[in-house]
Every structure is written in C-alpha cells, then in structure tokens.
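Beneath this line is the structure, given in structure tokens, with notes to follow.
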Amino acid sequence: MSATGDLRVRDLAVRFAGQENLLFNIAALDLPSGNSLGISGISGAGKTTLFHCLAGIARPTAGQIGWGGTDIAALPVDALCRWRHRHLGLVFQDFHLVDGLSMLDNVLLPARFDRWKPPAALRQRARDLLAAVGLSAWERLASLLSRGERQRVALARALLLQPSIVMADEPTASLDQDHRAQIGDLLLELVRAQGATLIVVTHEQELLARMDRCMRLEQGALQALPAS
Amino acid sequence: MKRGFNPFPIVGADLRCNRLLVWVTVLLVAISVAAGIAVISQERALRQGSARAADDFDLLVGAPGSNTQLVLTSVYLRAQAIPLLDGELLAKASTAPGVKYAAPIAFGDNWQGHSIVGTIADFANRGGTLLPTEGRIFQRRGEAVVGASVALAIGATFSPAHGLHRAHDDEDAHGDPAHAAAQYTVVGRLPPRQNVWDTAILVPIEDVWRVHGLSDGHDTYAGQHIGPPWDAAHLSGVPAVAIKPDSVANAYRLRAQFRTPRSVAVFPAEVLNDLYLTLGNVRDLMSVLAITTQVLVVAAVLMALLVGFLARRRQFAVLRAIGASRLYVFCVVWIEVVLLITAGAALGVMLGWLGSNLLSHWMQSQIGFAMPVRLGATEGVLVVGLILTGAVVATLPAWLVFRRPIAEGLVSG
C-alpha cells in the first residue's frame, strides 16, 4: 500500500474548452512520498494548470492523478474537497490571507472547516508554527503584515494540519531578494521535518536547485532537468 | 465524526474589512423598514387616538348639515361655522327618557388661543366620572374649569376674547365691551385626557350666551342658576348637544328620536368609522408603497452585495482550495447577507418607532389628540417578511459562489 504522499500520474492531459491542441500531455510522472519536485517553465506553458490539477483544484481533460492510491481526478467535488483538507497544504504566490483575521486565526483557518473551535493542541501547534517561521505578536491583523511576514503566515497555515503533501505556486516570486532566501529555507526545512511530499512551481533557480527532482514544462511535455 | 464547521471568523473578518459597504447596506435597509413602520404605526395611532378622543361623546345632536363637520367641530374642537341647533331641542333632549345628561357644546371665544367651551357641569366631569386634579367643577356663573394643559392657576381670572383663535393682540378682550366685561375665575383643573380638551376652558354655557347677548335658558336673571332644567322659551341655539344615554338601547332610540328635519343625531364612532375606511384605503396604498420600496431597496442591496461577492471570488476560491467545503463558503455568503438585512431591519424598527413617536408628538400639537404609537403584528409581519425574503434571496449570491470552479476563481483578478 502506498503512502498518501506518493504521486503517480498517468496520461495526464488538459485541453482548454474551444481549443484544438492539448495544453500538456504527461505520460507518466512518479514521485515517492517525502521527496520534493520543482517544476519550471516559461509563462503560458501550463505550469499553473498542472499545479491546479495535481492539487485537485482543476479537473484534467484525461488521465489519472494518483496520490497514495487515490485517483483524485476521479473524485467527486465534495470528496475532493475533503481530500484537500486532509492531505494537502497549499502556498500561493500572493499569500491569500484573510486581512480581517489575526496571524493566529489565519493559521487556524483550516481547522475551522471541520470543527467549531480548534482544540487546544491545534492552537498550540499554530503558535509553534508561527514561532518556527519567526513570527510573534500573533494577534496582529494580517492586513498589517509585510509581504515576507504574510508568506510566513501562509506557510504556517499550509502546515497546520500536518499534510502529507505540500504544494507551493511561486512561493517566493513576490518577495524581495532577502525574503526569497528565507522563505525558501523555511519551506524546505519545515516540509522535510514533517516528512511531506513537496511540489513547487517556480522560476527561481536557487529554489529549484534545492529540490530532489526538477522538471520543466515545455511544449506540452514535462522534461526532467539535470540535477545541479 | 462530523463536528460541523465555523464560518463566523470569516464572516466577522469580511464585515470588518468592508465597513463602508456594511454601513450603507444596513442604513438602506433600515431606512426602508423605518418608513414602512412609521406609515403603518402612524395610521394605527391616528385611528386609536381619534377614537379615544371620541370616547366622551356617545351621541351628538346638531343642526342638519355635515355629520363629519359636526363631529370634527364638537369632538376635536376644529372650529368651523356650523348651523345652530334650536334651543328647544336642547330642552327636549335634557328631559328625554334614557338620558343621563344632555350637554350643550358652545364655542366661539378663546383665551390666548385656548377654546372657551360653554357647557354644563355634568359634561365637565363626564357625569361624575372625571374628577378634577385640583379644585372643583364650576358651580356658578363666572367660574371656569381648565384642561390639564391650560396655563392658568386655580384662582386666576381672565376675560374671554371673541373668536376661535388667538389674535396677535388679544392679550385681553379687544374692542368688545361685552367680552371685556366678562370675567372668569378658575376653580378647577381636569386630569389629562390626551386630547384637545386638555387645552380647553370649560365654563357655564349661560355665560357664553350672556357674553354674546343671547338669552341664557332660564326665565329670570335673578339667580346664579346654571344648567338644566332649562326654560325652553328662553333657550338660545347651540352648535351641538352631547347626549349621554343610560344604555345602548336608549342610545339607538335617542338617535332615531333626534333624526328629524330640524336635527341630525350621530354616533361619533360611526362617523369616525367611515373616516377610518377611507384612511384604511390610504393605509393600504401606503403599505403597498412601503413594501414596494422595501423590495426595491433589498434588490438594490443584493445587487451591490453580489458585485461585492464577485469581487471577492478569489478569496472564496482560496478558501475552497485550502479545504473549505462548498457548503462552508455558501454559509459565509448567506450569513453575511442575512446578518446585514437583519441588522438593517432591527435598526429600522428602532428608527421607525422613534420617528413615529416624534411624528405623533408633533401631530398631537397640530390635531389636538394624542396618537399612541404601538408596534403591532403588521409591522412584525413586515420585518419578518423582509428578513425571510432576504434569507431566501441571499441564496442566490451564495449559490453563485458555491458553484463557481475554484481554478477560475484563483486566476481571477
């Protein structure tokens, strides 16, 4: 039986409505649990669409996306939602925090999706994660945070429920040079400490270089990049 | 195990971050609800207030003419020139079987704008049921009993001015020797009745007749006798006679008896009922207008909210991407709309009640009787109907958010 973080993709294809050509067609992609994969490619190559498909956010036109033996491409909407909640942590380029909530409440947000009040242990984990990403003053509103701080909160939020998969879409693209390195370090360090599978879509060569595997999406196909 | 979910942190955060939209929405709903509440409660207050003011008048007899005019003039002291009833009919009414008292109601003078009404002691104390809060009821000519709002102390004296309204210079009886010579002494003050009679001054009718050079209903001028029995041969005409029957059956019998070519007899309540039917039509029209306004406001508010939700579609897509169910985001949107409409409705009830009370207060000074404002079932139906309608209509934006693909929301601007 495979672990939840094992990825097995077969014949994955996406074609946008009204278009003749496939955006991409991936015959096979395998990633063992706990490994990291960096995906790069030029703008418009379909990186974000591939990211959405792997995260169960968008439906592929054809193919299977197996995470730990579950083909998420075939899951009904609500089951897919439960799957994301249980197994997946997401980090976005633009952080997507809720401005009217404090740092702590933003981190605890996924815990509100299936319970009224997060238990004390989860609240403590949220505080620990914020401390791990170097943040204190947990009651500060998200709207008052700098971009670097916002991405740290987003990272803590993604890890709150100890997901077996963490996916990040351009996690450092909207940060300045200093913060890029810090966030990259934290992402790798915390995800590895948790033993989760990590998939990062990024243009950032330095970040790609630190992944177990790197691939480039080009002309509709995923090609392995040589290890640096 | 299902443990539910908690959309309120997101709802609270959204409301905090969109204060302008929240306030505009709540105020729009509140104003439309307040207008509806004010219209309905004012109509009710007018009906109840006017009915209460007519409680002291079971049966009114007057000269042939407009029944409504007779009621408005006598009950509400809306002074108008009306034909006088033959004095002989007053004498007949006073001695008719089944009559507790038959009180002439005569006006035409004022003191500083307060109507001076000539009548009998039985009417002044409503057949003994209305005891003065100070002093006593008049017992002889030259004495006066004042309504609760008249600024005259017991023992004060004053002279009447001719006319129904205070003239600019009528600090005293102006230019009329008969009025100037007449003088009343205040001997009692009546309790508040919450109607125009609180501002009236009641005097023996004999004095009113004398001041106007008319015979005073008695065969000699020697005594100080006031009130019935009257001498029909010396009775002058009066604008109206208020009859207090001793039973319902006698009330109908007396009404029939005084419906003659020389007189009309009406139950003020009956005349008011006709007015209420007209008012009811107006109320229905106003209610339709109020409800139409509410529907339009709610539609406009929902459109504004829908635009707001569409602008936040990325936020909802993110919530779903990080694990929120479709039901969760549906609830966030639905609760936000329902909260705004409920808050607007609650504020509207308060504003409507407050506005209606202020309006009643002002109206009392204009029309002379209190208009008690009470919120009733109709207003409840209006408010609950609005909230329920809002709750149903709120499912539309919630549904749009519910069914929107996540990826589409994530890439939207």
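The values are calculated or read from the model by the stated rules, or taken from the named source; none is laboratory data. These numbers were taken from a predicted model, which means no experiment stands behind them. Positions of Cβ are generated from backbone atoms using ideal geometry, with glycine treated the same way; all protein chains shown enter the neighbour counts. Ligands, DNA and RNA are excluded from the accessible area calculation, which covers all protein heavy atoms including side chains. Shrake-Rupley method; radii C 1.70, N 1.55, O 1.52, S 1.80 Å.
Below is a table of values for the structure above.
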quantity	calculated
Computed Rg/Rh of the protein assembly as shown, alpha carbon atoms with Kirkwood Rh	1.35
Distance (nanometres) between label positions extended 7 Å along Cα→Cβ at residue B:78 and residue A:162	8.2 nm
Solution diffusion estimate, µm²/s, Stokes-Einstein, the stretch B:21-148, Kirkwood Rh from C-alpha pairs, 37 °C, viscosity 0.692 mPa s	182 µm²/s
Normalised contact order of chain A, rounded percent, pairs of Cα under 8 Å and 6 or more residues apart	28 percent
Potential extension, residue B:259-residue B:303 segment - 0.36 nm per residue separation minus Cα distance	9.6 nm
The stretch A:101-167: relative contact order in percent, alpha carbon pairs under 8 Å with at least 6 residues between	46 percent
Size of the stretch B:255-413 as Cα extents on the principal axes (Å, biggest first)	89, 26, 22
Relative contact order [Cα under 8 Å, 6+ residues apart], the stretch A:38-157, whole percent	24 percent
Simple label model, 7 Å out from Cα along Cβ direction - residue A:188 to residue B:296, nm	6.5 nm
For the stretch B:80-90, Karplus couplings with θ = phi - 60° (6.51, -1.76, 1.60), whole Hz, Gly/Pro x	9, 6, 10, x, 8, 7, 4, x, 4, 5, 5
Phi-based couplings in Hz for the stretch A:215-225 (Karplus 6.51, -1.76, 1.60; Gly and Pro marked x)	9, 10, 8, 8, 6, x, 10, 9, 10, 5, 9
Computed helical MRE - 222 nm, chain A, DSSP H runs ≥ 4 contributing -39500 (n - 2.57), nearest 500	-9500 deg cm²/dmol
Values of log10 I(q)/I(0), in the order q = 0.17, 0.22, 0.24 Å⁻¹, for the stretch A:5-73 under a Debye, Cα-only, solvent-free model	-0.59, -0.98, -1.14
Convex hull volume per residue in cubic angstrom - Cα atoms of chain A	131 Å³
Average other protein chain Cβ within 10 Å of Cβ, residues B:281-294	0
Simple spin-label estimate for residue B:246 and residue A:224 in nanometres, 7 Å along Cα-Cβ	12.0 nm
Alpha-carbon Rg with Dmax, taken over the stretch B:356-413, Å	22.8, 68
Within the stretch B:316-343, backbone nitrogen closer than 17 Å to the virtual label 7 Å beyond the Cα of residue A:99 toward Cβ	B:316-319
Rg(Cα) / (2.2 N^0.38 Å) computed for chain B, rounded to two decimals	1.46
From phi via Karplus (6.51, -1.76, 1.60), per-residue ³J(HN,Hα) for the stretch B:36-44 in Hz, x at Gly/Pro	x, 4, 5, 4, 5, 6, 5, 4, 5
For residue A:218, residues with placed amide H under 5 Å, excluding near neighbours	A:223
Cα-based radius of gyration of the stretch B:199-322 once divided by 2.2 N^0.38 Å, which approximates compact folds	2.38
Rule-of-thumb Rg ratio for the stretch B:1-81 [Cα; 2.2 N^0.38 Å; N residues]	2.28
Carbon and sulfur %, accessible surface of the protein assembly as shown computed with the full protein complex present, 1.4 Å	58 percent
In range of the label at residue B:153: residues from the stretch B:180-201 whose backbone nitrogen is under 16 Å from the point 7 Å along Cα→Cβ	B:185-189
FRET efficiency for residue A:86 and residue B:27, using Cβ-Cβ distance with R0 set to 60 Å, rounded to 0.05	0.90
Once the Cα gyration tensor of the stretch B:260-310 is diagonalised, semi-axes √(5λ) in Å	49, 6, 4
Interface burial for A against B (accessible surface, 1.4 Å probe, total of both chains, Å², rounded to 100)	2300 Å²
Cβ-derived FRET efficiency at R0 30 Å, residue A:71 paired with residue A:20, nearest 0.05	0.65
Theoretical ellipticity at 222 nm over chain B - DSSP helices of four or more residues, -39500 (n - 2.57) apiece, nearest 500	-17000 deg cm²/dmol
Modelled FRET efficiency - R0 35 Å, residue B:288 with residue B:69, Cβ distances, 0.05 increments	0.70
